[in-house]
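K.L.:
Before I ask anything, here is the structure I am working with.
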Amino acid sequence: MSSLELRGITVRYGRFTAVENVDLLVPEGTVTGLVGGSGSGKSTLGKAVVGLAPITAGQVLVDGGDLGRRRGRGPVQLVFQNPYASLDPRMTVGAAVAEALPRTGRAARSTEVARYLELVGIDPSRAVLTPDALSGGQRQRVALARALAARPGVLIADEITSALDVSVQGAVLNLLRELQRELGFAMLFISHNLAVVRYLSDQVAVMDEGRLVECGPTDRVLRQPEHATTRTLLACVPTISPAEEAS
Amino acid sequence: MPHLPSPSVPSSSLLHRLRRTLRTPLGVTALTACIVLAVVAVLGPMLFGAEADRVDTNAIDQGSSMAHLLGTDDLGRDIAARVVVATRLSLELTLQATVIGVVGGLLLGVAPTVLGRRLGRLVTATVGVLVAFPGLLFVLFLATVFGVGSTGAMFAIGVATVPSMARLVQNMTASIAGSDYVAAARILGVGRFRLVSRHLLPNIAEPSALFATQAAAGILLSFSGLSFLGLGVQAPQYDWGRLLNEQLNGIYVNPVAALAPGVAVVLTGLTFGLVGEVFAKASGRRAPLSRQQPPSEQSAMAPAPLPDESAEGALVQVHDLRVGFPDGREAVRGVSLTIGHGEALGLVGESGSGKSLTALALADLVPHPGRVQAAEITFDGHDLRSDPHLGTTLAMVFQDPMASLNPALRVGRQLSEVAEVHLGSTRAQARARAVDRLSAVRIPSAARRARQRPHEYSGGMRQRAVIAMGLMGEPKLVIADEPTTALDVTVQQQVLDLLAEVRTETGAALLLISHDLAVVAQVCERVLVMYAGRIVEDLPVAELVGGAAHPYTRALVGAIPTMTTDPNTELATIPGRPPEPGDADQGCSFAPRCALATDRCRSTRPELVGFDTGRRVACWHPVGAVLPLDVRPVDAEAAS
């Protein structure tokens, strides 16, 4: 169980400021949804937390301790958007998950791999397959298993269902919610889809042009949005039936 | 149904593909040449070594004879034997130099990824400078540095190969180092060296091997060149280049003696090239298919009767549309649809359902190996296949607006081209119309924007420009294939509104293809749901929530989280996965994933039949729908 705290995070690429002075607290065992349009800096913020984007200023604190520039298996793990790009095409599924495990004996390792694959609903006998034998949804499950195998205190999910079909999206979201409740990690769930964010999150943070413009409990933010960006995003959620638009 | 062959596995292991390639004529030739070369290199010196070195002062500079096939040299040594014996040294030196080049290239190429940013840049810059250096000059320079002799020449040529190999490896590793899976490994704390050995090297192995074989052929040539110039192998050792050097003086007296070492060099070089070809074939898309079967002729089937509802008023009439591929896979399996004048029709389905190919078939844009067959495709009374209408009355909007606009041309120019080509307008007329159309899709200060290039537009504006391009003619039908998928949520709405607006203003019909039911529901009146290459339901948008008859449609609708979904309930899911285009095709394609499926569903395929007013469904157990009694399929069809 860990909490994630961001203090004054700023990310600059040359003269371009992608993320500016963001303060955000993801309390332990809860889910914070991070929403915003494209270019709002939400993905960059997620990448900055795990060290994939250069932090110009600010601190990332996990359980109150500065993450700094430490090496090795981090307490924060990230699941990528595109499951077709996030798994090494030459590596078997089992090896990909094993990479996240602490170094142990061969036998212990394969039981652990099987356990994590089972956890995400992949038959452990498929550990010998390479990703190209799996569908998009299955690949995303493997990516999730790999992230969880590193026993993260905090999980960052970066648009993890936007490359998936709707029927698969439901299954991945169910799984993610169930695992989050069972394992109790804190989660930063990045998405442009407010309906999905609403379904998973306890708290919602809204970003626009690199700044955090609104943050609060999901119900409050979606019912009484205070910032114009939040209102725009809410107005842009496509609905299937006209009846739902009214509610 | 005709029997469909099982699809070839597109991505089997390299070893598997290599084995398959070796069975082709190219593979057999390459393998044979390699074996011959190896045998000669190993056995040559043992069998002919003595003869090649025996000095015979009685037979100096003889021509070709029975005793000496290629004659003798100035010490009376048999030239044929010397050419055979030289194989070993020539090959040894070539392979050693190749190893030096490849290993050095790999090390230098991977270095920027392993070293820090600053050192990495230094290495990249150094390699860049060395690549710019003329190759032959570099070899000669190194040969002088390393000293005359075979070892010196080997190092010189090996080192000279390093920069180009390093550049190739650098380029390849840079793209892999930027990939998500390497980023994931970094987050997991995988060390730099493990990163290289586990992720980088395996993913560049194939092109590297290909490059190595090509380099070997070049190295053999360079070596022969150096020896020929006297900088390489020194007497009493000899390789083919050295023999060439010795015999060239007598080329007018005994030409075969001079040509033989040259022929050996050429043949060996060709062998390396062949090996490279085998690698390229096995690793690339050119890998031969395990089985190729021409598609069975659809016309052999009894043509299905045209539906009597082929309404007069319909704009588009499609009957029994099929899109197949040469390996026998069929992605669209008999789609029939009608689009009325001014109607907005949605086509939804998951990836691989064939919805995009259906749309492309209407526009006659199915990519190359695909074959379109249909009992009928008419558009506005004309047969679309003989008389395509793209550009005038049929407009197409694609998913990625950046890819559908030419980055090098000004947007206005691209639009006016349509009018010039299809409508015969003059340049000035076309330009005026382009500006007019750009303002019609609400692009502010259209005259100025028309002079800009696509990269100066935002994503949403590009998509507007593409829509404007469709409006250059007088479209009666706009086909939009996932027009908002690549766009931001906030822009998505604007583009959908624009499509709806275009429809009301021009009276054009709209075929909107999307994986997102909500997008379709916003713009369309009627929705076709596709699954595994067939339409399974045809219903009004208002019926999508709650009124759908096909279990698949219901499941699809139920799976989408909305702003009213109770966060404490599980989202509905559809177990299993859709069939692949080549899978066995018996019964209802959705049966394996359907909770309502019975034996009948698994054995006999339900046809798309009408019920209520204008609704159709292909299901034996439709939810809440009363089907007419005569829905049993024709016997002949059930038996096939």
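K.L.:
Taking the range B:500-523 as the region of interest, how many residues are more than 9 Å from chain A (Cβ to nearest Cβ) and either free of Cβ contacts under 8 Å to residues at least 60 places away in the same chain or open to solvent by 10 Å² or more (accessible area, probe 1.4 Å) (or both)?
P.N.:
Total meeting the criteria: 9.
K.L.:
If you take just the helices (runs of 4 or more DSSP H) that sit entirely in the range B:481-547, which of them hold at least 1 residues that are assigned by TED's automatic domain parsing to the domain that holds B:VAL348 and over 26 Å from A:ALA235 (Cβ atoms)?
P.N.:
B:489-506, B:544-547
K.L.:
Across the range B:352-379, what is the total count of residues that are of a type in the set (Lys, Arg) and within 28 Å of A:VAL168 (Cβ to Cβ)?
P.N.:
1
K.L.:
Okay, next question. Are there any pairs, at least 6 apart or on different chains, whose C-beta atoms fall under 9 Å, with the first in the range B:5-33 and farther than 28 Å from B:ASP585 by Cβ and modelled with pLDDT of 55 or more and the second surrounded by 15 or more Cβ atoms within 10 Å (Cβ to Cβ) and aromatic (Phe, Trp, Tyr), and if so, which?
P.N.:
Partner pairs satisfying both residue conditions: B:LEU18/B:PHE279; B:THR21/B:PHE279.
K.L.:
Determine which single condition A:GLN180 fails, assuming it passes every other condition in (1) open to solvent by less than 10 Å² (accessible area, probe 1.4 Å); (2) of a type outside the set (D, E, K, R); (3) not assigned by TED's automatic domain parsing to the domain that holds A:LYS47.
P.N.:
It fails just one condition, (1).
K.L.:
Looking at A:SER86, A:SER135, A:SER167, A:SER162, which is the one that is closer than 26 Å to B:SER351 by Cβ, hydroxyl-bearing (Ser, Thr, Tyr), at the interface with another protein chain (Cβ under 8 Å from one of its Cβ atoms) and open to solvent by 10 Å² or more (accessible area, probe 1.4 Å)?
P.N.:
Every option except A:SER135 fails the conditions.
K.L.:
Let me ask something else about it. Say we look at the range A:71-82 and pick out the residues that are at pLDDT 90 or above and either surrounded by fewer than 18 Cβ atoms within 10 Å (Cβ to Cβ) or more than 7 Å from every other protein chain (Cβ to nearest Cβ) (or both); which of these is nearest to the chain's Cα centre (by Cα)?
P.N.:
That would be A:VAL79.
K.L.:
While we're looking at this one, here's another question. Restricting to the range B:484-499, name every residue that is open to solvent by less than 40 Å² (accessible area, probe 1.4 Å) and either more than 13 Å from chain A (Cβ to nearest Cβ) or among the hydrophobic types (A, V, I, L, M, F, W, C) (or both).
P.N.:
B:LEU487, B:VAL489, B:VAL491, B:VAL495, B:LEU496, B:LEU498, B:LEU499
K.L.:
Now for a separate question. What number goes with the only condition from (1) more than 14 Å from chain A (Cβ to nearest Cβ); (2) open to solvent by less than 10 Å² (accessible area, probe 1.4 Å) that B:VAL182 does not pass?
P.N.:
(1)
K.L.:
Can you pull out every residue in the range B:208-262 that is among the hydrophobic types (A, V, I, L, M, F, W, C) and over 24 Å from B:THR161 (Cα atoms)?
P.N.:
Going residue by residue through the range B:208-262, those that are among the hydrophobic types (A, V, I, L, M, F, W, C) are B:209-212, B:215-217, B:219-221, B:223, B:226, B:228-229, B:231, B:233, B:235, B:240, B:243-244, B:248, B:251, B:253, B:256-260.
Selection gives B:ALA235, B:LEU243, B:LEU248, B:ILE251, B:VAL253, B:VAL256, B:ALA257, B:ALA258, B:LEU259, B:ALA260.
K.L.:
Please state which one of A:LEU61, A:LEU24, A:LEU6 is touching a Cys at 6+ places or on another chain (Cβ under 8 Å) and away from chain B (no Cβ under 14 Å).
P.N.:
Working: A:LEU61 fails: touching a Cys at 6+ places or on another chain (Cβ under 8 Å); A:LEU6 fails: touching a Cys at 6+ places or on another chain (Cβ under 8 Å).
That would be A:LEU24, the only listed residue that is touching a Cys at 6+ places or on another chain (Cβ under 8 Å) and away from chain B (no Cβ under 14 Å).
K.L.:
Checking A:THR130 against (1) more than 10 Å from chain B (Cβ to nearest Cβ); (2) over 17 Å from the mean Cα position of the chain (by Cα): exactly one of these is not met. Which one?
P.N.:
(1)
K.L.:
Considering only residues that are of a type outside the set (Asp, Glu) and in contact (Cβ under 8 Å) with a residue 40 or more places away in the chain, which ones fall in the range A:99-136?
P.N.:
Hits for the range A:99-136 are A:ALA100, A:LEU101, A:LEU119, A:VAL120, A:GLY121, A:THR130, A:PRO131, A:LEU134, A:GLY136.
K.L.:
Still on this model: In the list B:SER224, B:SER197, which residue meets the criterion of being in the same structural domain as B:GLN170 (by TED's automatic domain parsing), without any contact (Cβ under 8 Å) to a residue 12 or more places away in the chain and more than 26 Å from A:GLY46 (Cα to Cα)?
P.N.:
B:SER197
K.L.:
Follow-up question, since we're still on this one. Go through the range A:27-41 and give me each residue that's more than 14 Å from chain B (Cβ to nearest Cβ) and open to solvent by 10 Å² or more (accessible area, probe 1.4 Å).
P.N.:
A:PRO27, A:GLU28, A:GLY29
K.L.:
State which residue is modelled with the highest pLDDT when the search covers only the range A:230-247 and only residues that are in a helix (DSSP H, G or I) and touching a helix residue (DSSP H, G or I) at 6+ places or on another chain (Cβ under 9 Å). Can you show your working first?
P.N.:
Looking only at the range A:230-247, we keep the residues that are in a helix (DSSP H, G or I), and these are A:230-235, A:242-246.
Remaining after also requiring touching a helix residue (DSSP H, G or I) at 6+ places or on another chain (Cβ under 9 Å): A:230, A:232-235, A:242-244.
On the way: A:THR230: 92, A:THR232: 89, A:LEU233: 88, A:LEU234: 89, A:ALA235: 85, A:PRO242: 50, A:ALA243: 44, A:GLU244: 42.
Taking the candidates together, the pick is A:THR230.
K.L.:
Could you list, in sequence order, all residues of the range B:548-585 that are open to solvent by less than 30 Å² (accessible area, probe 1.4 Å), within 10 Å of chain A (Cβ to nearest Cβ) and not in a loop (DSSP other than H, G, I, E, B)?
P.N.:
B:TYR552, B:ALA555, B:LEU556, B:VAL557, B:ALA559
K.L.:
OK, next. In the range A:104-155, what count of residues is obtained for those that are assigned to a helix (DSSP H, G or I) and not aromatic (Phe, Trp, Tyr)?
P.N.:
Total satisfying the criteria: 35.
K.L.:
Looking at B:VAL99, B:VAL162, B:VAL103, which is the one that is assigned by TED's automatic domain parsing to the domain that holds B:VAL263, touching a Gly at 6+ places or on another chain (Cβ under 8 Å), within 18 Å of B:ALA216 (Cα to Cα) and surrounded by fewer than 17 Cβ atoms within 10 Å (Cβ to Cβ)?
P.N.:
After applying the criteria, what remains is B:VAL99.
K.L.:
Say we look at the range B:423-463 and pick out the residues that are among the β-branched types (Val, Ile, Thr) and under 21 Å from B:PRO475 (Cβ atoms); which of these is most open to solvent (accessible area, probe 1.4 Å)?
P.N.:
If we take residues in the range B:423-463 being among the β-branched types (Val, Ile, Thr) and under 21 Å from B:PRO475 (Cβ atoms), then B:VAL435 is most open to solvent (accessible area, probe 1.4 Å).
K.L.:
Another question, then. Under 21 Å from the mean Cα position of the chain (by Cα) and at pLDDT 90 or above: is that true of A:PRO225 in this structure?
P.N.:
no
The values are calculated or read from the model by the stated rules, or taken from the named source; none is laboratory data. Treat the numbers as computed from the prediction; the structure is a model and nothing was measured. Cβ sites come from the backbone with ideal geometry, for glycine too, and all protein chains shown count toward neighbours. Ligands, DNA and RNA are excluded from the accessible area calculation, which covers all protein heavy atoms including side chains. Shrake-Rupley method; radii C 1.70, N 1.55, O 1.52, S 1.80 Å.
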